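Enquirer: There's a structure below that I have some questions on.
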Amino acid sequence: MKISSPIFNRREEIFLFFAKRFAYNRARLWYLTAMRTIILYQSKTGNTQKYAEDIAAALKCEAMPIKKFKKKTLSDYDTIIFGGRIVGGRIDKVEDFLSMYDDMKEKNVIIYSVGMSETSPEGRKTLIQSNLLDLFHVRYYQLRGSFDFEKLGFVEKMLLNNSFRMAARSGQNGLDSTTANWIKEHPVQFYDQAGVDKIISIVRKLQTVVDVEVA
Ligand SMILES: Cc1cc2nc3c(=O)[nH]c(=O)nc-3n(C[C@H](O)[C@H](O)[C@H](O)COP(=O)(O)O)c2cc1C
């Protein structure tokens, strides 16, 4: 039964106006987060990749290894996230990522690293300095990954022993030799859900700001 009264019709119009606006805004927000964010990663044993894929699933965007990324497609994105595993205090392939910085200056750039060490403000500061992140306008997050010494190949084992020695000498990431030996004998498995949620919520907020600015 269709009610036809001027008051009802007016209410119906107002309701439809807001319903359309709501649907439009939701679609727009979805479009902005879905179409304009990309996650690039460098992973060897899968932890950094899993974080990238989980963040991508929540943001409904694509995640791919950095080596597959075509620099000329940068202009398609507003937000670019790079995740790299930590090797010997360095974020693997972060230099490759930051070599594109001139083309990302106007964009939201987020970097996360994945290492086995417990995350801490001091460790963060060291990683920022040793990876020259403070030279760039980027947001940086530390996530903790998994590690099993026995699963590594010969070269990685050698590299790791070396980086343990370096870290123990400099106190890097709060890693002393006793902790290093303990880590070699005890596989660790961490998943930083709070860190993942933080990155997701930051990207959503950034995209909302873009939405408000262009509206
Ligand atoms: C050779 C080597 C060096 C590493 N150096 C560090 C380090 O300096 N700091 C740290 O926190 N983790 C270090 N790790 C641990 C890895 O960063 C950690 O296992 C991470 O989860 C690996 O990421 P992926 O699974 O994405 O490859 C090292 C691992 C290897 C194999």
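For every residue, the table says whether it meets (1) modelled with pLDDT of 95 or more; (2) touching a helix residue (DSSP H, G or I) at 6+ places or on another chain (Cβ under 6 Å).
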site	(1), (2)
Gly123	no, yes
Leu143	yes, yes
Asp148	no, no
Lys151	no, no
Val155	no, no
Asn173	no, yes
Ser177	no, yes
Gln193	yes, no
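Enquirer: Which count do you get for residues in the range 78-111 that are touching a residue at least 40 places away in the same chain (Cβ under 8 Å), part of a strand (DSSP E or B) and away from the ligand (no atom under 11 Å from the Cβ)?
Expert: So the answer is 6.
Enquirer: Could you please find all residues in the range 114-125 being surrounded by fewer than 18 Cβ atoms within 10 Å (Cβ to Cβ) and more than 16 Å from the chain's Cα centre (by Cα)?
Expert: Glu118, Ser120, Pro121, Glu122, Lys125, listed by residue number.
Enquirer: For the range 126-167, name all the residues that are away from the ligand (no atom under 11 Å from the Cβ) and under 16 Å from Val188 (Cα atoms).
Expert: Listed by number, the list holds a single entry, Glu150.
Enquirer: Looking only at the range 168-182, filter to residues that are near the ligand (Cβ under 9 Å from one of its atoms) and not in a loop (DSSP other than H, G, I, E, B); which one of those is surrounded by the most Cβ atoms within 10 Å (Cβ to Cβ)?
Expert: Going residue by residue through the range 168-182, those that are near the ligand (Cβ under 9 Å from one of its atoms) are 172-173, 175.
Cutting the leftovers down to not in a loop (DSSP other than H, G, I, E, B) gives us 172-173.
Values: Gln172: 19, Asn173: 23.
So, considering only residues that are near the ligand (Cβ under 9 Å from one of its atoms) and not in a loop (DSSP other than H, G, I, E, B), the one surrounded by the most Cβ atoms within 10 Å (Cβ to Cβ) is Asn173.
Listed here are the residues, each with its yes/no results for (1) over 21 Å from Glu95 (Cα atoms); (2) touching a residue at least 12 places away in the same chain (Cβ under 8 Å); (3) outside any helix (DSSP H, G or I).
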position: Glu118; (1), (2), (3): yes, yes, yes
position: Ile128; (1), (2), (3): no, yes, no
position: His137; (1), (2), (3): no, yes, yes
position: Glu156; (1), (2), (3): no, yes, no
position: Asn161; (1), (2), (3): yes, no, no
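The values are calculated or read from the model by the stated rules, or taken from the named source; none is laboratory data. These numbers come from a predicted model, not from an experiment. Glycine gets a Cβ as well: all are built from the backbone with ideal geometry, and neighbour counts include every protein chain shown.
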